[in-house]
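For reference, the structure is listed below as structure tokens.
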Amino acid sequence: MIYIAIILFAIFLDQYSKYLVVAHIKPIDTLPLIPDVFHLTYVENTGAAFSLFTNMQIFLIILTLIFIGVLIYFLIKIPDIKENRVINVSLAFIIGGAAGNLLDRLRLDFVVDFLDFRMIKFAIFNFADVFVVCGSIILVLALFNNKNFLENNDFGTLE
């Protein structure tokens, strides 16, 4: 199934990039690729997006497990037909990204972030975050594009 491959690819890319950052960037703190624009900077994030819920790892782990479980439920329940494929791909992106950061929380008690866009003074993030955000944007666009989606699918109850 292509969606499992997407999830595994997202986890692999995220975890391998973090492995490389820990091995090569952590000892030097930051590596300017484009000075004052884009750096690779090692950061240990004990919170969620924009450091929300800092030092609440158990809460974040439980929340992420529930979130992943709900998304897997929908990925299984949504019929794999042409009209729903973009929705299912977006769910796979989100699941893979969430799982990548979950693995960090379980192994390290924090998430490794390293993509540092200094020119726009944005939060430092990682590839798991990219998958979650891109998957979420694609999901919203796909749902707006597929107006009959909710009317044509019976998801039952979450039991």
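The condition (being touching a residue at least 24 places away in the same chain (Cβ under 8 Å) and in contact with a Gly (Cβ under 8 Å, 6 or more places away or on another chain)) is satisfied by just one residue among Ile25, Ile7, Ile68, Ile61: Ile7. Give me the residue from the range 76-99 that is over 12 Å from the mean Cα position of the chain (by Cα), hydrophobic (A, V, I, L, M, F, W, C) and within 14 Å of Ser136 (Cα to Cα) and, out of that set, most open to solvent (accessible area, probe 1.4 Å). Going through the qualifying residues, I end up with Val86. Picking from residues in the range 104-122 that are open to solvent by 20 Å² or more (accessible area, probe 1.4 Å) and in contact with an Asp or Glu (Cβ under 8 Å, 6 or more places away or on another chain), the one that is modelled with the lowest pLDDT is Met119.
The values are calculated or read from the model by the stated rules, or taken from the named source; none is laboratory data. Quick caveat, the model's predicted, so the values are computed rather than measured. As a convention, Cβ positions derive from the backbone with ideal geometry for all residues, glycine included, and neighbour counts pool all protein chains shown. We work out accessible area using only protein heavy atoms, side chains counted, and drop any ligands, DNA or RNA first. Shrake-Rupley method; radii C 1.70, N 1.55, O 1.52, S 1.80 Å.
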